[in-house]
Each structure stands twice: as C-alpha cells, then as structure tokens.
1. For the chain, what does the relative contact order come out to in percent, with C-alpha contacts under 8 Å and a separation of six or more?
2. Largest first, please: the extent of the C-alpha atoms of the chain along each principal axis, to the nearest Å.
3. Would you kindly state how much longer the chain becomes between LYS307 and ASN342 on full extension, computed as 0.36 nm times their sequence separation minus their alpha carbon distance, in nm to one decimal?
4. Looking at segment 9-78, I'd like the Rg to Rh ratio, where Rg is from alpha-carbon atoms and Rh is Kirkwood's inverse mean 1/r.
5. For ASP271 and ALA62 in the same chain, what is the full-extension length gain: residue separation times 0.36 nm, less their Cα-Cα distance, in nm?
6. Using the beta-carbon distance between LEU5 and LYS138 and R0 = 51 Å, what value does 1/(1 + (r/R0)^6) give for FRET efficiency, to the nearest 0.05?
7. Calculate how many DSSP beta bridges within the chain are antiparallel, expressed in % of all such bridges and rounded to the nearest 5.
8. Say the cut-off is 25 Å between C-alpha atoms; which of LYS138/LYS334; LYS132/LYS306; LYS108/LYS340; LYS242/LYS334; LYS346/LYS380; LYS157/LYS268 go over it?
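What follows is calculated from the coordinates using simple rules that are stated; it is not laboratory data. Small disclaimer: the values here were computed from a predicted structure and weren't measured. FYI the Cβ positions are ideal-geometry reconstructions off the backbone, even for glycines, and counts take in every protein chain you see.
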Amino acid sequence: MNFDLEPGYDDIFKNSKDPKKILFQLSIIFNKKIDPENTLIFFDEIQESNAALNSLKYFCEAKEDYFIIGAGSYLGIVLSQGDSFPVGKVELIEMKPMTYKEFLYASKQDMLVDFIDSIEKIEAISEPIFNKMNDYLKEYYITGGMPEAVKTWVETKDLEILENVQNNIINAYFRDFSKYPPTVMVPKIIGIWDSIVAQLSRENRKFKYSEIKKNARAREYENALEWLIAGNYLNKVTIIDKLNLPLRGYENIKHYKIYMSDIGLLRKMSDYPVSALFSSKNKNIPFKEALVENYVLQELQAVYHKKIFYWAKNNYELDFVIQLNNEIVPIEVKSGENIKSNSLKKILNDRDFGIRISMKNLKKDGKIINIPLVLVSEIKRLIY
C-alpha cells in the first residue's frame, strides 16, 4: 500500500495499534486474506503516515512473525514527528543508486557480471570483452543508477524518454526540499543544489560557498549543506592533511568536495551533451573529469563502507584516499586513456603501490596498478 497515493490508509493505523486488527481491515480493503506466514506486506511512502511508522514497533513485538517492508524518504522517516520512529524495532537498509554491475544485470548481461566476478589476477582483459564492458559503462554514465531511469533506458533506449524520467526525479527532489526542512532553510538548500554543476566545473572542484552567492559564508549555508548530505542527495569528500594512519586523524573538515549521489542526474542537470561525453575532441576536461570522479565515488561507496577522503598539497592531488586493512590506498582518476600520473608517482616513493583508475585495461605498471573504470567495484578483491 502506498500512503502517498492513498492517505486514507493512515486512519486504519490511527484507530488501532493491534497488528491483527490492522491486517484484518487491510484484508477487507484489498479483498485478499493476509496470511502472516506467507504474505509480504509492503508499506510504501511510509513517511506519510506517522501512525503506520509507529505500528512497526507492535508488529515487531507481536508473537506472530510478520514480514513487513517500509520504504520511503529517509529524511521523511527520520524527521517524523513525535515518538513515531520505532527505535530498535526495525532494520534500516540504505538504498543507494544501482551500481554498474547492477546495471549490467538489468541489461540482461548476467554472463558479463559472472566474467567480472571471475577475474582473479592483474592481467589484461581480452579486447572484445573489454570493449563490450566499456560500451555498457558509457550507457551507465547516461542513465546513472536510479532504478526508474535504468528501467526506462533498458526498455526504450530512447534518450528523450530517459531524460524526462530524470527530470521527474529531480523535480521530486525539489518537492522534498520544500517539504521536510524548515522553511527558512529552503532557499539555501536550493542555492546549494543549483550550484553543484558550477562547483564541479572548477578544475580543483573544492566546494566554495561563493559559487552559491557573492560573499556567501559557511555559517549561512553549512546547515543546509549538511541537510542535503544527510538526505543522501549529495556526497561529501573531505581533505586529509597527511597520508598517515588513521586517515580520520588527519581530516581537515574545512575543505571538501561535494558530489551528487548519481552520475546520471548530474549529467542531466549539467545538460552535458552525450556526444561530447565520449568525444576525444572534447575540450571541457574539468567537468568531464568530475563526471567520472562522481562515478568512481559511487562505485567505491557501494563496496567500501568507510569514509572516503582526498589529498592535495602544492600542485599535487589524489582524487581519493581510502584505508584498506592497515594500508593507505592512494587513488588517482583519469577520464580517458591519458594516464599521466604525476601526483601518484610523487607519493609512491614511500609506498608499496597506488591505484590509477582509467579507461586503460587492467595491468600493473611498476608500483601503479591500473584498474579500469569498469572494475572499480573489484579494487579490494584484486589488490589483496
């Protein structure tokens, strides 16, 4: 049941907290007997009903085993009023955009996923398969990982229809912006959101409040920015001052980059032409690099469940730095086949290896391991 489409369902949960009575009434409405052992009950847009959200506590504490999924806006759920949220009674699962491998599954390329999972050594992938993997990566850059966008593309392969879906998703975000935060914060949230393309078009991509409004200051906008990050609309990557363990011990919270949660929505918001995205003649390098960095960050976040940083000093910069086991792993991202890695080479004098992510095939080049963009999700498995 969808509490946004049918607000009246809320009355059932307001009138009783007894799971048996609730399910009996729902059975009547849907004209279908609900057998607790064999029926999956799906509460969609559950943030629209505080009473339904609160009822999960009683379903959890009941003697019978009930199988219930509640789905909805993260902020709408967390910011629900009163004592609605059943703390400790539900398992929270954060849904992120579909990954590249999940996009392959959706595109009925299961064997390609099996091939990726079978790679065990740092050695070149055969050219026909590598080219096919990259062809699907280009499609993923366009669609991103929002499920409706992926479904639309797989079924139609029509860019205009896909972009209409992406526009609808972006418009839905604007409805969230005006619905959940305090009214005074809304213009600031929209200002930050509208500045993201400009922020990422800058060569160093460090987030600057002055891109939002002339003379804007952090104290005016930081709460609005944190609201967007908390809602998973945006992702923050903070700089570290030193490449030492533990990385969080050297985090400088004053300097950071902001990326979008989904590369497809970023590409659509920028109106970056699809033809230019893959053209070797394209001169708009900073933003093209930013799109690819956004993709890499999405893939890393899907498999690496710790904070991700970046590092910069003088004219050198590492796009991402992560900690695997007891080692610092420096990562440099290249959008194409130009793999000149001055920054990575600079810091490898005192380290065993570094990762360069590019369109180049899988290979080891001295201390540098080249991971193709299509294998970002496999980094941890391949290097250990």
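1. Values: 513 pairs, mean separation 47.1, N = 384.
Computed over the chain, the figure is 12 percent.
2. That gives 68, 53, 45 Å along the principal axes, largest extent first.
3. Details: separation 35, 0.36 × 35 = 12.60 nm, distance 2.49 nm.
Extending this stretch completely gives an extra 10.1 nm.
4. Numbers: Rg = 11.6 Å, Rh = 12.4 Å.
Here Rg/Rh amounts to 0.94.
5. Details: separation 209, 0.36 × 209 = 75.24 nm, distance 5.15 nm.
Extending this stretch completely gives an extra 70.1 nm.
6. On the way: r = 36 Å, r/R0 = 0.71.
With a Förster radius of 51 Å, E is 0.90.
7. The answer is about 55 percent antiparallel.
8. On the way: LYS138/LYS334 15 Å; LYS132/LYS306 31 Å; LYS108/LYS340 35 Å; LYS242/LYS334 23 Å; LYS346/LYS380 23 Å; LYS157/LYS268 16 Å.
Check vs 25 Å cut-off fails for LYS132/LYS306; LYS108/LYS340.
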